[in-house]
Amino acid sequence: MAQGTLKYEYEREASKSGMTSLGGLPLYMDLAESSGLLKLIDKNLKICIGKQGWTDMEILFLLIMLNLVGGDCVSDIEKLEGDEGLCRIMRKALKQDLSRKERREIDKRFRKERKRTTPSESVIFRYLSKFHDKGQEKVREAKQAFIPEATENLKALMRINAGLIKFDALKPCEETATREALILTTDL
């Protein structure tokens, strides 16, 4: 896989050993669940409605994970898809705590057999286009800064963000980070 400015290249190992270089991401999956992020996405975003294909929660959370691993373009989703260990974890997490009937419903959402753990680039581009209002381009003036009005989908993202801020605000504050910090503050 070609790289940018650095003089080395990544090599993808063809083995299916289940090892992952992205082993820290499951911690963020736990955080997303415990913070209520996934429920906030389901409650507020209504782009992917119906019983077919990817859900808003799946696409948006995978975009968040892509950002966490340093992805800077949609095509970097292939880095997540190419990590067999991470894909195994994500597939298990998706079906965790679901009844047999609910697991079957997930499998039926795709017309053909689901072969990917992450959505393709084209699915992501179509999804992201739902946050854009082409009508706002008519209001834009040449050589002027322009902030378009927020679409309903962008407002939904704002509500999700506000919910995460509430989660953070409701957590009890710690007085000290470590025992050593406690010793230092009491010695003063």
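When the residues of the range 79-99 are filtered to those that are free of Cβ contacts under 8 Å to residues at least 40 places away in the same chain and of a type outside the set (Lys, Arg), the one that is farthest from residue 59 (Cα to Cα) is 99.
Please go through the range 121-136 and pick out each residue that is assigned to a helix (DSSP H, G or I) and charged (D, E, K, R).
121, 126, 134
Considering the range 76-111 alone, what residues qualify as being surrounded by 12 or more Cβ atoms within 10 Å (Cβ to Cβ) and of a type in the set (Gly, Ala, Ser)? 82, 85, 93, listed by residue number.
Here the range 142-174 is the region considered, the condition is being assigned to a helix (DSSP H, G or I) and polar (S, T, N, Q), and the residue that is surrounded by the most Cβ atoms within 10 Å (Cβ to Cβ) is 153. Elements of the type helices (runs of 4 or more DSSP H) sitting completely within the range 1-120 and holding at least 1 residues that are at pLDDT 85 or above and among the aliphatic types (A, V, I, L, M): these cover 25-35, 37-44, 56-68, 77-81, 84-95.
The values are calculated or read from the model by the stated rules, or taken from the named source; none is laboratory data. Model, not experiment: these values are computed from the prediction. Counting neighbours? That spans all protein chains shown, and the Cβs are built from the backbone with ideal geometry, glycine included.
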